[in-house]
Structure formats: C-alpha cells, structure tokens
Amino acid sequence: MTKPSLHTSSSNISFVLLSAAMISLVFFIVYPNEFRLQSMITSRPSSLTNFVALKPDFRLLIGILTLPDSYERRHLVRHAYALQSTVSDARIDVRFVFCNLTKEEQRVLVAMEIMLYNDIIILNCTENMDSGKTYTYFSTLPKILEGINGIERPYDYVMKTDDDTYFRLQNLAESLRRLPREDMYYGFLTPCHDRRAPNSYMSGMGYVLSWDLVEWIATSVMPRDHQVGPEDLVTGSWLRAGGRGKNRVDTKLAMYDYMEEPRLCSRHEFVPDTIAVHKLKNNLRWATTLNYFNATEGLKPSKLYHL
C-alpha cells in the first residue's frame with residue numbers, strides 16, 4: 001500500500017483551511033451580527049455575572065397605605081408605577097399595605113392579587129387611619145423582613161404614603177441618591193407657611209425614613225405608647241421626642257397638592273421637576289396628572305383601538 005507523501009498531505013490541509021476560511025468570510029459578510037453576538041457571549045461572561053450581582057446604589061420600600069376593598073384604586077396606582085421607566089442604580093419596591101381582611105370576598109380577591117403581583121403587605125391590626133396603623137406598619141417591617149438579605153438591612157429607606165399620591169420615581173430617586181442613609185427624615189415640611197415652626201413635620205402625602213429610624217420605632221417604648229392622632233403629625237412628634245431624624249430634608253415645591261383654587265404654598269400648578277402630586281381623589285385627577293407627565297406616550301397605534 002502506497003503511503004501519501006508529505007507534499008500531498010500538506011496540500012490537503014491547505015485546501016481544507018482555505019475552504020474553511022472562505023466559508024467563514026462568506027458567513028461573516030452575510031450574517032455579521034451572528035459573529036458580534038457570539039463575541040459578546042464568549043468574551044464577557046465575567047462582566048455579565050458582575051452586572052447581575054451589582055448592588056443598587058440604594059434600596060427604597062414605598063408602602064402605600066390603603067384599604068382591602070379599594071381594588072380599582074389599587075389597580076390604577078399599580079399601573080401608574082409599572083409604566084414608569086426603570087430607575088437605574090436603585091431598587092424601588094412598591095407595596096400596598098392594609099390591616100387584616102374581614103370579608104370572605106377579600107380573602108379570595110386579595111389572594112388573587114397576591115398571586116399575580118406579589119405586592120401586598122397585610123398587617124395584624126384593625127383597619128384605621130389615625131389610631132396606630134402607621135405605627136404598626138413601621139414597627140412590623142423589621143420583623144417580617146429580617147434575614148431577607150442575610151446580615152444586610154433589607155432597605156436603606158422606607159416610605160409611608162397613601163393611594164391618592166403619585167410619585168415620579170426617577171425624580172424621587174435622584175433626590176434621594178446623595179442624601180444621608182442614617183437618621184434621615186424626608187418629605188414635604190408642614191406647615192409650609194412656617195417651616196421653622198417647632199412642631200413642624202413631614203406631610204402624610206408621603207415621607208421617607210432611613211432604616212435605622214424604622215428599627216428605632218420598632219423597639220422604642222415612646223412610639224408604641226403614642227399612636228393616636230393624625231399619623232404624620234404623630235410620626236414627627238416621635239422623632240422630636242426621641243431626638244431622631246436630625247437629617248431633615250424638605251422637598252418644598254417638588255411635592256404638592258393637586259391644584260385647586262385658591263393657590264397655596266402646598267398647592268400649585270404642575271411643574272416639570274415634580275416628585276409627587278397629592279390629593280388625587282378621583283380618576284379624573286389621576287388621568288389629568290398622568291397625562292401631564294406623559295404616562296401613555298409609549299402607546300403604539302393599532303387598528304384594535306382608537307382613543
């Protein structure tokens with residue numbers, strides 16, 4: 001049997017390599033994006049892993065105090081926040097908060113919401129406005145969130161707000177980003193006509209506490225023994241009595257009530273740098289507010305509907 005010569009073997013190898021090169025060249029010209037995609041996947045696995053593992057700049061829990069039967073309002077507010085663009089470098093969780101369920105239909109309908117959205121916190125209390133619900137909210141969080149993130153605090157900030165307030169999350173995040181993470185009390189300072197008043201406090205439309213203040217509320221006897229009264233005023237009184245919340249941040253004109261006549265320091269027209277609008281008591285007010293801030297600008301034209 002005759003063995004192939006070295007010259008013949010080299011010729012065959014050269015032919016195979018040349019053919020492979022020609023096929024690769026044609027494939028690159030016809031499908032350039034395939035090469036680019038493969039390059040991204042194979043050359044940057046560590047970058048992708050690091051991206052997933054990156055810690056947010058800060059974490060905020062927005063607790064919207066509402067009622068179990070407020071199904072329509074909950075869906076409206078849920079959609080208003082879901083349509084906002086994702087805030088970069090921050091984790092913002094929006095949760096609806098109410099007390100124990102008392103009706104059979106609530107147990108079924110609220111259970112369906114939890115299964116679909118997983119955005120509801122049910123406190124162990126009797127439903128109320130100014131008889132301790134806000135205290136129960138703050139004091140319960142360290143217990144139910146303990147251990148979720150290992151040894152780390154689950155959130156840097158916690159907000160209390162209501163279902164008639166609309167927060168613009170990007171503006172809120174930019175406002176919070178450079179603020180202290182300890183002993184911080186943030187919101188619209190009331191009374192707005194006298195912000196130096198000794199008994200001033202952050203309006204209940206929406207205020208933020210740093211996590212250490214939430215832990216203090218949960219363990220201190222003083223807040224536990226003084227729960228009754230207008231909840232925002234009471235929260236301010238806790239912090240004054242306990243010498244807490246020294247890092248006060250007043251958002252001034254960026255948080256305000258929906259405009260009605262007459263114009264007041266807490267009530268004015270919409271402005272572009274708005275953080276929050278309060279007293280959205282009906283669907284028309286919500287629609288007017290969302291329209292001003294272009295909430296539906298991403299709606300695509302279709303033969304299936306006309307607006």
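Could you compute the net charge surrounding Arg240? Neighbours are other residues with a C-beta less than 12 Å from the C-beta of Arg240; K and R count +1, D and E count -1. Walk me through the numbers before you get to the answer.
Working: positive: Arg244, Lys246, Arg248; negative: none.
Residues close to Arg240 contribute a combined charge of +3.
Which of the trypsin sites (Lys or Arg not before Pro) across the range 215-257 are loop residues per DSSP, with 14 or fewer other Cβ within 10 Å?
Passing both the DSSP loop test and the Cβ count: Lys246.
Arg263: net charge of surrounding residues, Cβ under 11 Å, Lys/Arg +1, Asp/Glu -1, itself excluded?
It works out to a net charge of -3.
Go from 0 up to the bin containing the longest alpha carbon distance in the range 218-258, width 10 Å each, and give me the % of pairs per bin.
With a bin width of 10 Å, the distribution comes to 24, 45, 25, 6.
Taking all protein chains together and a probe of 1.4 Å, list Ser88, Ser175 from the most accessible to the least accessible. Write out the running numbers ahead of the final one.
Working: Ser88 65, Ser175 35 Å².
Putting Ser88, Ser175 in descending order of accessible area: Ser88, Ser175.
Tell me the accessible surface of Arg267 in square angstrom (1.4 angstrom probe, heavy atoms of protein chains only), to the nearest ten.
40
What FRET efficiency do you get for Tyr81 and Ala241 if R0 is 41 Å and r is their Cβ-Cβ distance, rounded to the nearest 0.05?
Step by step, r from the Cβ atoms, then E = 0.75.
Determine which aspartates and glutamates satisfy two conditions relative to Lys281: a Cα distance under 18 Å, and not lying fewer than 8 residues away in the same chain.
Leaving aside aspartates and glutamates fewer than 8 places away in the same chain, those within reach of Lys281 are Asp69, Glu72, Asp162, Asp163, Asp164, Asp257, Glu260, Glu261, Glu269.
Tell me the Rg and the Dmax, in Å, that the Cα atoms of the range 130-201 produce.
14.9, 44
Take the alpha-carbon centre of the range 63-78, take the same for the range 100-135, and report the distance between them in whole Å.
Centre-to-centre distance over Cα atoms comes out at 10 Å.
Roughly speaking, what is the centre-to-centre gap between the range 147-214 and the range 276-291 when only Cα atoms are used, to the nearest Å?
Using only Cα atoms to place each centre, the spacing works out to 21 Å.
The values are calculated or read from the model by the stated rules, or taken from the named source; none is laboratory data. If you're wondering where the values come from, they're calculated on a predicted model, not measured in any experiment. No Cβ is skipped: glycine too gets one built from the backbone with ideal geometry, and neighbour counts run over all protein chains shown. Just the protein is used for accessible areas: all its heavy atoms, side chains included, with ligands, DNA and RNA removed. Shrake-Rupley method; radii C 1.70, N 1.55, O 1.52, S 1.80 Å.
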